[in-house]
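The structure appears below as structure tokens.
What follows draws every value from the coordinates through simple rules; no lab data is involved. Predicted model, so just to flag it, every value in this text is computed and none were measured. No Cβ is skipped: glycine too gets one built from the backbone with ideal geometry, and neighbour counts run over all protein chains shown.
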């Protein structure tokens, strides 16, 4: 079963575009957009397991410029 995930990302000032470009290249990520509002990047991913989601979020937090994430899992 594929699990859909929306990831809201807060970045350091001036890093939204760079983070979005890096995120969209990550495994399972279908799109990532720099946006306005409380969060700076919104990403959408499709993965097979909750373990893969955990690994994606862990990898996101290693990217330069990422400060905080909020994940919404959709089954």
Query - Residues 13, 53, sorted so that the one with the fewest Cβ neighbours within 10 Å comes first - result: 13, 53
Report task. Take the Cα pairs of the chain, get the Kirkwood Rh, then feed it into Stokes-Einstein at 37 °C and 0.692 mPa s and tell me D in µm²/s. Result -> 273 µm²/s
Report summary line: For the chain, the longest principal axis of the Cα atoms and the Cα long axis of helix 50-60 enclose an angle in degrees, to the nearest 10, of 20 degrees
Report task. For each of 48, 40, count neighbouring Cβ atoms within 10 Å of the residue's Cβ, then give the residues from fewest to most. Result -> 48, 40
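Pull out the extension gain between residue 25 and residue 70, defined as 0.36 nm times the separation in residues minus the alpha carbon to alpha carbon distance; nm, one decimal.
14.3 nm
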